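> Right, I'll just put the structure down here and ask away after.
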Amino acid sequence: GAGVSQTPSNKVTEKGKYVELRCDPISGHTALYWYRQSLGQGPEFLIYFQGTGAADDSGLPNDRFFAVRPEGSVSTLKIQRTERGDSAVYLCASSLTGQSSGANVLTFGAGSRLTVL
Amino acid sequence: GENVEQHPSTLSVQEGDSAVIKCTYSDSASNYFPWYKQELGKRPQLIIDIRSNVGEKKDQRIAVTLNKTAKHFSLHITETQPEDSAVYFCAAADPSNAGNMLTFGGGTRLMVKP
């Protein structure tokens, strides 16, 4: 597509529930990133995919968070047993290659705002 | 890992004045420094970036300077306009990290008063 698309744009859930957030990157972009942005703060890195594989998941806060990208395009961020502290905007970004020497400009989606009651 | 500090957290200027936002980073191996603008409720958008092989880059009213020795870089906006009002984020990337992922500063809320 023309840009990075994220769905849903807003998600309200109850504590303890399971949520899935979807990211559709720019067509042809092999690198995909998930970030989390809390109110008034900068985006915090969660996980990076190169193709289908999670090349760096060091930012995932705990084992309740998991992400997949089975076909190297669309990615899903999954959060189990949600807690109120998970409330944030979850941003997805993609780039052409993920390589520092190349055109690794990140393009962000509009984000999914998650509210855990 | 990389740590990026950004100052000030809020900045209010009169239309037409200049605005300067400063960032410091901790990892001397970082070599890519983009700046993103985020309007309320919208996605961060890249406005300018600089790589470590240059000290300054300019694009119309926006310029970025980089001092690798001191590990700091700055965003300069001249002739500010009300539409420049937004939150600005600096970031740094260390090429030794998988995927060249960005570490962001905490953001600066810029308000341009007409």
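The values are calculated or read from the model by the stated rules, or taken from the named source; none is laboratory data. Worth saying up front: this structure is predicted, and the values here are computed from it rather than measured. With ideal geometry, Cβ positions are generated from the backbone for all residues, glycine too; neighbour counts draw on all protein chains shown. When the accessible area is computed, the model is the full protein with side chains, heavy atoms only, and any ligands, DNA or RNA have been set aside. Shrake-Rupley method; radii C 1.70, N 1.55, O 1.52, S 1.80 Å.
> Just the Cα atoms of the protein assembly as shown, one point each, no solvent: what log10 I(q)/I(0) does Debye give at q = 0.09, 0.12, 0.16 Å⁻¹?
Values, matching the q order: -0.37, -0.65, -1.12.
> Then there is this: Enter the Cα centre distance for the pair region A:68-98 and region B:58-108, rounded to the nearest angstrom.
Region A:68-98 and region B:58-108 have Cα centres spaced 25 Å from each other.
> Still on this structure: Rounded, prolate or oblate for chain A? Axes are the square roots of the Cα gyration tensor eigenvalues, ordered a ≥ b ≥ c, and the cut-off for rounded is a/c under 1.5. Mind showing how you got there, number by number?
Numbers: a/c = 1.79, a/b = 1.71, b/c = 1.05.
Judged from the Cα gyration tensor, chain A comes out prolate (a/c at least 1.5, a/b above b/c).
> Within region A:14-64, list the GluC sites (Glu not before Pro) lying in a DSSP loop whose Cβ has at most 13 other Cβ atoms in a 10 Å radius. The partial results should precede the final answer.
On the way: sites: A:Glu14, A:Glu20, A:Glu44; in loops: A:Glu14.
Of the GluC sites (Glu not before Pro), the ones in loops of region A:14-64 whose Cβ has at most 13 other Cβ atoms within 10 Å are A:Glu14.
> Still on this structure: Only sites in a loop by DSSP and with at most 14 other Cβ atoms within 10 Å count here; which GluC sites (Glu not before Pro) in region B:1-73 make the cut?
Values: sites: B:Glu2, B:Glu5, B:Glu15, B:Glu39, B:Glu56; in loops: B:Glu2, B:Glu15, B:Glu39.
Filter output for region B:1-73: B:Glu15, B:Glu39.
> For region B:33-114, what does the alpha-carbon gyration tensor say about shape, rounded, prolate or oblate, given a ≥ b ≥ c as the root eigenvalues, a/c under 1.5 as rounded, and a/b over b/c as prolate?
Values: a/c = 2.34, a/b = 1.43, b/c = 1.64.
It is oblate, given that a/c is not under 1.5 and a/b is not larger than b/c.
> Would you please calculate the Kirkwood hydrodynamic radius of region A:1-48 over all C-alpha pairs and express it in Å, rounded to one decimal? Walk me through the intermediate numbers first.
Working: mean 1/r = 0.0782 Å⁻¹.
With all distinct Cα pairs of region A:1-48 included, I get 12.8 Å.
> Quick one: if the Förster radius is 41 Å, what FRET efficiency do B:Lys113 and A:Glu71 give, using the C-beta to C-beta distance and rounding to 0.05?
Working: r = 49 Å, r/R0 = 1.20.
About 0.25, to the nearest 0.05.
> A further question follows. Just by accessible area at a 1.4 angstrom probe, what is the order of B:Met111, B:Met101 from largest to smallest?
Numbers: B:Met111 85, B:Met101 25 Å².
I get B:Met111, B:Met101, largest accessible area first.
> List the lysines whose Cα lies under 29 Å from the Cα of A:Lys17, skipping any in the same chain that are fewer than 8 positions away.
Within the straight-line cut-off, A:Lys17 pairs with A:Lys78, B:Lys42.
> Residue-wise, which Karplus ³J(HN,Hα) couplings in Hz belong to region A:18-24, taking 6.51 cos²θ - 1.76 cosθ + 1.60, θ = phi - 60°, and x for glycine or proline?
Working through the residues one at a time gives 9, 10, 10, 10, 10, 10, 10 Hz.
> Still on this structure, I have one more. I need the shape label for region B:67-114. Rule: rounded when a/c is under 1.5, else prolate if a/b > b/c, else oblate, with a, b, c from the alpha carbon gyration tensor.
Working: a/c = 3.50, a/b = 2.06, b/c = 1.70.
It is prolate, given that a/c is not under 1.5 and a/b is the larger ratio.
> Using the Cα centre as the reference, give the magnitude of the dipole from point charges on the C-beta atoms of the protein assembly as shown (Lys, Arg: +1; Asp, Glu: -1; all else neutral), rounded to the nearest 20 debye. List each step's numbers first, then the result.
Values: 23 positive and 23 negative charges, 77 e Å.
Its charge dipole is roughly 380 debye.
> So, one more: Would you work out which of A:Pro70, B:Gly16, B:Leu110 lies farthest towards the positive end of the dipole of the protein assembly as shown, given +1 charges on the beta-carbon of Lys and Arg and -1 on that of Asp and Glu, about the Cα centre?
Checking the options against the dipole of the protein assembly as shown, the answer is A:Pro70.
> Any aspartates and glutamates with Cα under 17 Å of the B:Lys22 Cα? List them, leaving off those in the same chain fewer than 8 positions away.
Straight-distance partners of B:Lys22: B:Glu2, B:Glu5, B:Asp49, B:Glu56, B:Asp84.
> Averaged per residue, what accessible surface does chain A expose to a 1.4 Å probe, in Å²?
Working: 5350 Å² over 117 residues.
For chain A, the per-residue accessible area is 46 Å².
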